[in-house]
Amino acid sequence: MPAFPGQHATLVANMSGIAITQTLLAVLFAVALLCAIILSAVLFFHWKRFGRKARGIVIMEGLYIVVSAVLILSAGAALLSF
Amino acid sequence: MLELEPTEEILYTARAHWFVFFSRVLMILALACVPLLLYVLVPGEVRTILTGQVAIEGNVAALFVFVYFLWLLMLWILLAIFWTDYYLDVWYITNERVISVDQLGLFNRHITSTRLEMIQDVSVEVPGFLQTLLHFGTIRLATAGPEKSFVFRGVGRPHVLKGFLMSEHRKVQEKPQEVRVVPPQM
């Protein structure tokens with residue numbers, strides 16, 4: 001029986017037929033990264049459209065990129081250590 | 001962004017009260033805590049059974065951290081969408097019109113306007129304890145134009161906005177109207 005958490009879980013009884021592999025997680029990571037990039041592009045589009053009058057959008061765009069980058073890098077680091 | 005007439009200038013910009021966005025932030029924060037609460041509250045035996053349902057070919061702790069950060073990323077994206085929707089819902093009161101900009105999602109905007117002289121009635125609704133305490137509510141504008149009513153929910157200081165609209169409406173009504181007399185053609 002695998003211990004939880006923090007220890008390597010060797011192959012356990014697989015009743016559902018689902019295997020969580022690094023490849024599967026990498027696919028999830030890629031999808032999340034794509035969503036984040038698309039939204040960044042949308043926020044940038046709104047910023048260019050509204051110009052300096054939409055200060056709130058400008059601030060959100062900057063904050064969004066910073067926080068998203070931190071979350072993506074953290075998830076990437078966890079993926080690499082999986 | 002907005003096409004104003006040559007003599008038109010924006011006098012007042014009304015957005016939803018900050019609490020409208022803040023309540024969504026609270027919801028996002030609560031959702032962000034759900035995985036942590038599940039980790040703490042779910043008994044070890046149940047966790048062992050659940051992890052036994054799938055083959056985890058790697059470090060379980062790293063898997064949890066990965067999934068949690070992806071969850072936070074999705075919530076952050078949702079928050080950015082909420083902010084865009086909140087920030088781009090605006091009423092502009094100019095010296096000639098009321099322009100309502102309603103952002104529906106990320107790519108759908110509904111812009112309607114009515115001239116100040118077409119306003120027939122302005123009503124304000126402030127229901128509830130929080131709305132009364134924080135001074136926000138719903139303002140409804142009845143007009144004689146094609147768009148019969150304008151509604152702005154969650155607007156801050158609706159009574160002030162109502163007073164401002166009525167005073168601008170009066171100013172426009174009292175402005176001397178230019179009359180041109182065209183002689184009949186023989």
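Bear in mind these aren't lab numbers, they're just calculated from the coordinates by the rules spelled out. This structure is a prediction, so every number in the text was calculated from the model and none was measured. Backbone-built Cβ (ideal geometry, glycine too); neighbour counts: all protein chains shown.
Once phi is turned into θ = phi - 60°, what whole-Hz ³J(HN,Hα) does the Karplus curve with 6.51, -1.76 and 1.60 give for every residue of region B:109-122, x standing for Gly and Pro?
Computed from phi, the couplings for region B:109-122 are 10, 10, 10, 10, 9, 9, 6, 4, 6, 8, 6, 9, 7, 10 Hz.
Rg and Dmax of region B:126-165 over Cα atoms: what are they, in angstrom?
11.3, 35
With each label point set 7 Å from Cα along the Cα-Cβ vector, what nm distance links A:L73 and B:T112?
Between A:L73 and B:T112, the simple spin-label model gives 4.7 nm.
Among A:I57, A:I72, which comes first, second and so on when ranked by fewest other beta-carbon atoms within 10 Å?
On the way: A:I57 23, A:I72 18.
If I rank by nearby Cβ atoms, fewest first, I get A:I72, A:I57.
Per DSSP helix of 4 or more residues, -39500 (n - 2.57); summed, then divided by the residues of chain B. What does that give at 222 nm, rounded to the nearest 500? Intermediate results must be reported in sequence, preceding the final value.
Values: 5 runs with 83 residues, N = 186.
It comes out at -15000 deg cm²/dmol, rounded to the nearest 500.
Counting just the Cα atoms, what span does region B:88-135 cover along each of its three principal axes? Round to the nearest Å and put the largest first.
Principal extents (Cα only, largest first): 33, 32, 15 Å.
May I ask for the net charge around B:F150, where only other residues with Cβ less than 13 Å from the Cβ of B:F150 are counted and Lys, Arg are +1 while Asp, Glu are -1?
With Lys, Arg at +1 and Asp, Glu at -1, the neighbours total +2.
Quick check: net charge around B:T112, other residues with Cβ under 9 Å of its Cβ, Lys/Arg +1 and Asp/Glu -1? Write out the running numbers ahead of the final one.
Values: positive: none; negative: B:D102, B:E147.
Every neighbour counted, the sum reads -2.
Taking the Cα-to-Cβ direction at A:R49 and at B:S23 and moving 7 Å from each Cα, how far apart do the two end points lie in nm?
2.6
Please compute, for peptide B:87-95, the average count of beta-carbon atoms on other protein chains lying within 10 Å of each residue's beta-carbon. Write down the numbers at each step before the final one.
On the way: counts 8, 6, 0, 1, 0, 0, 0, 0, 0.
For this peptide, the per-residue mean of nearby foreign Cβ atoms is 2.
Cross-link partners among aspartates and glutamates for A:K48, C-alpha distance below 15 Å, same-chain residues fewer than 8 apart left out?
A:E61
With a ≥ b ≥ c the root eigenvalues of the C-alpha gyration tensor of region A:22-80, is it rounded (a/c under 1.5), prolate (a/b larger than b/c) or oblate? Show your work: numbers first, answer last.
Details: a/c = 6.44, a/b = 2.44, b/c = 2.64.
In terms of gyration-tensor shape, oblate.
Which whole-number percent is the relative contact order of chain B (Cα, under 8 Å, 6+ apart)? Can you show the working numbers first?
On the way: 210 pairs, mean separation 39.5, N = 186.
Reported relative contact order: 21 percent.
B:L11 to B:F129: FRET efficiency via 1/(1 + (r/R0)^6), r the Cβ-Cβ distance, R0 45 Å, to the nearest 0.05? Display every interim value, and only then the final one.
Working: r = 32 Å, r/R0 = 0.71.
FRET efficiency, B:L11 to B:F129: 0.90.
Using 1/(1 + (r/R0)^6) with R0 = 25 angstrom and r between the beta carbons of B:Q185 and B:A144, what's the FRET efficiency to the nearest 0.05? Each step should come with its number before you reach the end.
Details: r = 32 Å, r/R0 = 1.29.
Between B:Q185 and B:A144 the formula returns 0.20.
What number, in nm² with one decimal, is the all-direction average of the projected area of the convex hull of the alpha-carbon atoms of chain B? Provide the component values of the computation, followed by the final result.
Working: hull surface 71.8 nm².
One quarter of the hull surface, i.e. the mean projection, equals 18.0 nm².
Whole angstrom only: what separates the Cα centroid of region B:5-45 from the Cα centroid of region A:19-77?
The distance from the Cα centre of region B:5-45 to that of region A:19-77 comes to 18 Å.
For region B:82-182, what percent of Cα pairs sit more than 24 Å apart? Kindly include the intermediate steps, with their values, before the conclusion.
Numbers: 1507 of 5050 pairs.
Roughly 30 percent, rounded to a whole number.
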